[in-house]
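Read-outs throughout are calculated quantities, based only on the coordinates presented, and are distinct from any laboratory measurement. If you're wondering where the values come from, they're calculated on a predicted model, not measured in any experiment. A quick note on method: Cβ atoms are made from the backbone with ideal geometry, for glycine too, and the neighbour counts reach across all protein chains shown.
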Amino acid sequence: MVRRLIILATLVVAGSLAVWAYNNGVTGSDEASQSKLEGVERLIPESGSNVPAQSQVGIDLAVGYDANLEINGKLISNVATKVGEDGLQKNLAIGLVTYQPAAGHRIERLAQGQNCIIANVWKRQDGPSASKPQSWCFNAT
């Protein structure tokens, strides 16, 4: 009997957490704008927006922050050192971390329909091990 009560209580807590997460998830541009991490100034493109499949994606950070990107489950953490190279383009002097889909790159074009990004953001003085995820989704055509 005690075991059944424990299982029932666990299921109620898990269900409550699932409902809370669903109701508080980032889904559109207004919600994303209100729930940005410290150091995040702008999402590229904005959450809930519609963009062409070849659009540049990324994050605009406050000076002193850095990030890598996970685009539809593909981690992009290397930095491009030459024009047209497959990797992140970083201009940390102004806080931009972006990725350009292109032929021959790991991501040649954004998927038709919904695309989701997780930017792992950290203060440069703390390093990537202290990163926190900023996630958002948008649509590509």
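With label points built 7 Å along Cα→Cβ from the Cα atoms of Arg124 and Asn139, find their separation and express it in nm.
3.8
Report, by chain and number, residues whose modeled amide H sits under 5 Å from the one on Leu96, excluding near sequence neighbours (fewer than 5 apart, same chain).
Long-range HN contacts for Leu96: Leu61, Asn91.
In nm, what is the difference between 0.36 nm times the number of residues separating Thr81 and Ala93 and their Cα-Cα distance?
So the chain would gain 2.7 nm between Thr81 and Ala93.
For the pair His105 and Arg42, what calculated FRET efficiency results from E = 1/(1 + (r/R0)^6), where r is the Cβ-Cβ distance and R0 = 22 Å, to the nearest 0.05?
0.45
Kindly provide the trypsin sites (Lys or Arg not before Pro) of the stretch 32-141 that DSSP labels as loop, not H, G, I, E or B, and whose Cβ sees at most 10 other Cβ atoms within 10 Å.
Filter output for the stretch 32-141: Lys82.
Calculate the spin-label point distance for Gln114 paired with Lys132, positioning each point 7 Å from the Cα along the beta-carbon direction, and give it in nanometres.
2.5
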